[in-house]
Structures are given as C-alpha cells and as structure tokens.
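A.B. asks: I am attaching a structure below and will ask some questions about it afterwards.
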Amino acid sequence: MNIDNLLRKNIKSLKPYSSARNEFSGEAMVFLDANENPFNQPYNRYPDPLQRELKEKIALLKDVMPGQIFLGNGSDEPIDLLIRAFCEPGEDNVVSIDPTYGMYQVAAGINNAEVKKVSLTETFELDVQKLMASTDEKTKLVFLCSPNNPTGNCLSKESVLEVVKNFGGIVVLDEAYIDFAPGKSLLPLMNDYPNLVILQTFSKAWGMAGIRLGMAFAAFEIVSVLNKIKYPYNLNILTQQKAMELIENRDKVEKWVKLLIAEREKMKTLLSDFPFVVKIFSSDANFILVKMHDARGIYEYLKENGVIVRDRSKVHLCEDSLRITIGTSDENEQLLKALKNLI
Ligand SMILES: *Cc1c(COP(=O)(O)O)cnc(C)c1O
C-alpha cells in the first residue's frame with residue numbers, strides 16, 4: 001500500500017496549522033507564546049495537541065507505540081477524518097457491511113462519499129467474496145465492525161484478515177465493544193498490516209461516553225495524516241485527565257466487564273422464557289439483539305413504562321428485533337418486570 005496514492009491531493013499537499021504548543025512543547029519558566037490568560041491555573045493553558053502523556057499510558061495498556069495512536073473526540077472523529085483524508089468528495093466511495101453502526105454512512109454522506117453496503121449473511125457473518133466484489137478503483141475505505149452493532153457478534157478473524165490482505169485501500173475495523181471479548185481483537189496483529197486501522201473507545205466498557213475519547217490505532221503514516229488534519233486542540237484537558245485517572249484504576253473496568261457479561265448471559269436465559277421472544281442472538285458485546293413478535297409494539301409498551309430500548313425492527317436483517325443494552329442487575333430486573341406484565 002502506498003498511502004500517497006490513496007490520499008486526496010489537497011490533503012497530501014496541505015500544510016497543517018502550527019499552534020504555539022506545536023512549535024514549543026517542552027518545559028519553560030515563562031510561557032508568553034499562546035495569548036493565554038496567566039490566571040486560573042491549570043485550565044488557562046491549552047492542552048497538549050498530541051496528548052503525549054495520555055498516549056504513553058494507552059501505549060502501555062495496548063502494547064503499541066505512542067506514534068501508532070490517534071486520539072479523537074469520540075471514535076466519531078477518526079471516522080470522519082479518515083473519510084475526509086482519503087475520499088475525494090463526489091468521486092470516491094467507501095464500502096461498509098450492512099447492518100452496522102450508522103455513523104460510517106452519516107460521515108460519508110457529510111463528505112459526499114458514496115457508501116456501498118454489503119449485506120452480512122443471515123447469521124451476521126462477513127461474505128468476503130461479496131465484499132471484495134463490491135469494491136472498485138474508487139473505493140478508498142472499507143468499514144468493518146467487530147463485535148458488530150447492532151448484531152452483537154464478532155466477525156471471524158480469518159474473514160477480516162482476508163479483506164485486509166486483499167483490499168488495496170484502508171480497512172477500518174471498529175472494535176468499540178472489544179473489551180467484552182478481548183481475545184478477539186486484531187490489535188496484536190496491527191504491525192503486520194499497514195492498511196489496517198483499528199478503532200476502540202472509552203465510551204462502552206470503560207464507562208466514559210461523557211468525556212468523548214476515541215482511539216484509532218494504525219501505522220505511523222496513517223496516524224500522521226490524521227494528526228495533520230484534526231483540530232489543533234481536539235482533546236480538552238479534562239478528558240485527558242479523567243482518562244488517565246481511570247487507566248490508573250482499571251481494575252474497576254475489569255469488574256464492570258465481568259459483571260456485565262454475567263448479566264448478559266442471565267438476561268439471555270430469562271428473556272428466552274417469554275412467549276413472544278423468537279430468538280436471542282449471541283453477543284460478544286454489552287447488548288443483545290432479540291427477535292420477537294411485534295417488536296415495535298413491545299418497544300412502545302416498554303417506553304410507556306419508562307424502559308427505553310432500541311427498536312431495530314426496520315434495520316436490514318434485524319426485522320422484528322430490539323437491541324437491549326445490559327444495565328445493572330436492578331435495571332435489567334425492571335425490564336423483565338415490565339415484560340412479565342405483558343403475559
Ligand atoms: C458506541 C459505538 C462507538 C463509539 O463512538 P464514540 O464516538 O467513541 O462514543 C463506535 N463504534 C460503534 C460501532 C459503536 O457502537
């Protein structure tokens with residue numbers, strides 16, 4: 001893969017904005033370079049544009065090099081930046097699996113890049129042949145998601161790697177839920193595949209959707225491109241501090257994950273007893289997709305009773321299905337109680 005042949009011309013030749021903190025990033029006695037207010041420490045100062053301290057910690061945690069990490073305002077930021085960097089508006093396209101996370105399509109739409117959707121099989125598996133056949137010389141990115149949202153299953157490692165090896169552009173593998181199935185991550189193989197970008201996030205297992213912190217892991221060349229086109233100070237100080245605090249206390253995250261997986265399996269068993277439940281798809285994430293008679297009606301009924309789930313019944317291959325996030329044992333109990341009143 002030659003990244004220069006894939007990049008948009010204007011991005012290739014772009015000279016990025018050089019901020020004060022880019023031009024001088026070391027320690028100094030007096031900082032009079034960024035027009036900051038000297039009062040109200042520490043929030044008066046601009047954050048590190050490259051989030052070096054946080055990246056050091058994430059690098060240790062994930063066993064990658066700091067230069068292989070891009071940090072964004074949620075995973076949504078690298079999704080948008082990747083499309084912006086590689087897809088010439090009105091000309092290039094991206095390929096994505098279907099069904100999957102809705103943001104790939106929205107980000108592509110904003111950037112005027114066509115999305116070619118490739119259906120998963122009935123069992124939500126990747127059809128590599130079909131996916132490869134739908135790429136053409138204008139396809140710059142392929143979006144895969146594992147565990148996939150809203151289906152919950154992991155795509156097989158072999159099928160994902162087949163795409164990575166055979167596709168001449170960049171494969172974006174969204175692993176937002178991978179902390180619930182850590183053995184299935186492709187991150188340990190990243191160094192072997194210069195066209196593979198892996199997305200992870202603090203929003204799910206890490207319990208920090210509110211601080212907006214997404215991670216993209218990729219070869220240095222790709223990370224450099226993202227750094228070049230991002231907003232100079234895309235991650236604020238508070239987000240970086242909170243993330244570092246939680247990394248120090250990551251035993252907490254492990255406990256949450258164990259508990260949520262146990263709750264998920266319990267919910268699968270208990271939900272399968274309801275007469276209107278047709279099928280519960282197996283999940284590697286913190287949610288389950290449940291096929292039921294009159295999913296829309298049950299969604300409305302639950303809503304009226306103060307329990308909100310996600311109606312996916314209009315989504316391709318998810319007809320008559322609700323996506324149910326696993327909550328605390330008490331929250332899950334309330335869902336079950338409401339459903340019991342239906343029979
Ligand atoms: C929730 C989710 C994300 C998370 O996005 P953030 O912007 O990091 O909160 C990314 N991908 C998928 C598939 C998701 O379901």
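The values are calculated or read from the model by the stated rules, or taken from the named source; none is laboratory data. Keep in mind it's a predicted model, so treat the numbers as computed, not measured. In this analysis, Cβ positions are derived from the backbone assuming ideal geometry, glycine residues included, and neighbour counts consider all displayed protein chains.
A.B. asks: Is region 295-303 home to any residue that is in contact (Cβ under 8 Å) with a residue 40 or more places away in the chain, crowded, with 16+ Cβ neighbours inside 10 Å and over 20 Å from I79 (Cβ atoms)? Give the steps one after another, and end with the answer.
C.D. replies: From region 295-303, those in contact (Cβ under 8 Å) with a residue 40 or more places away in the chain are 298, 301; that's our starting set.
If we keep only those that are crowded, with 16+ Cβ neighbours inside 10 Å too, we end up with 298.
Add one more test, that the residue is over 20 Å from I79 (Cβ atoms), and what stays is 298.
Taking every residue of region 295-303 in turn, at least one turns out to be in contact (Cβ under 8 Å) with a residue 40 or more places away in the chain, crowded, with 16+ Cβ neighbours inside 10 Å and over 20 Å from I79 (Cβ atoms).
A.B. asks: Every residue in region 257-270 that is touching a strand residue (DSSP E or B) at 6+ places or on another chain (Cβ under 7 Å) and surrounded by fewer than 20 Cβ atoms within 10 Å (Cβ to Cβ), please.
C.D. replies: Once the filter is applied, which keeps residues that are touching a strand residue (DSSP E or B) at 6+ places or on another chain (Cβ under 7 Å) and surrounded by fewer than 20 Cβ atoms within 10 Å (Cβ to Cβ), region 257-270 yields only K268.
A.B. asks: Where in region 1-119 are there helices (runs of 4 or more DSSP H), lying fully within it, with 1 or more residues that are within 16 Å of the ligand (Cβ to nearest atom) and crowded, with 20+ Cβ neighbours inside 10 Å?
C.D. replies: The helices (runs of 4 or more DSSP H) meeting that bar are 52-62, 76-86, 103-110.
A.B. asks: Taking G183, is it part of a helix (DSSP H, G or I) and farther than 27 Å from K9 by Cβ?
C.D. replies: In short, yes.
A.B. asks: Being modelled with pLDDT of 95 or more, touching a Leu at 6+ places or on another chain (Cβ under 9 Å) and assigned to a helix (DSSP H, G or I) is true for just one of K228, K303, K291. Which residue is that?
C.D. replies: Residue meeting the stated conditions: K228.
A.B. asks: Here's another thing I want to ask about it. Consider A285 against the criteria (1) out of contact with any strand residue (DSSP E or B) (no Cβ under 6 Å at 6 or more places or on another chain); (2) part of a loop (DSSP other than H, G, I, E, B); (3) over 27 Å from N73 (Cα atoms): it satisfies all of them except one. Which criterion is unmet?
C.D. replies: Here A285 clears every test but (3).
A.B. asks: What is the residue count in region 180-205 for residues that are under 19 Å from C154 (Cβ atoms) and either outside the structural domain of Y101 (by TED's automatic domain parsing) or within 12 Å of the ligand (Cβ to nearest atom) (or both)?
C.D. replies: Here the count works out to 8.
A.B. asks: So, of the residues in region 210-225 that are assigned to a helix (DSSP H, G or I) and farther than 14 Å from G72 by Cβ, which turns out to be nearest to the ligand (Cβ to nearest atom)?
C.D. replies: Restricting to residues being assigned to a helix (DSSP H, G or I) and farther than 14 Å from G72 by Cβ, the top hit is G210.
A.B. asks: Name the residue that is surrounded by the most Cβ atoms within 10 Å (Cβ to Cβ), counting only residues in region 238-256 that are among the hydrophobic types (A, V, I, L, M, F, W, C) and within 20 Å of L60 (Cα to Cα).
C.D. replies: Residue satisfying both the conditions and the ranking: A243.
A.B. asks: Another question, if that's okay. With respect to the numbered conditions (1) in contact with a Phe, Trp or Tyr (Cβ under 7 Å, 6 or more places away or on another chain); (2) assigned to a loop (DSSP other than H, G, I, E, B); (3) more than 15 Å from the ligand (Cβ to nearest atom), which one is the sole condition not fulfilled by E137?
C.D. replies: Every listed condition holds for E137 apart from (1).
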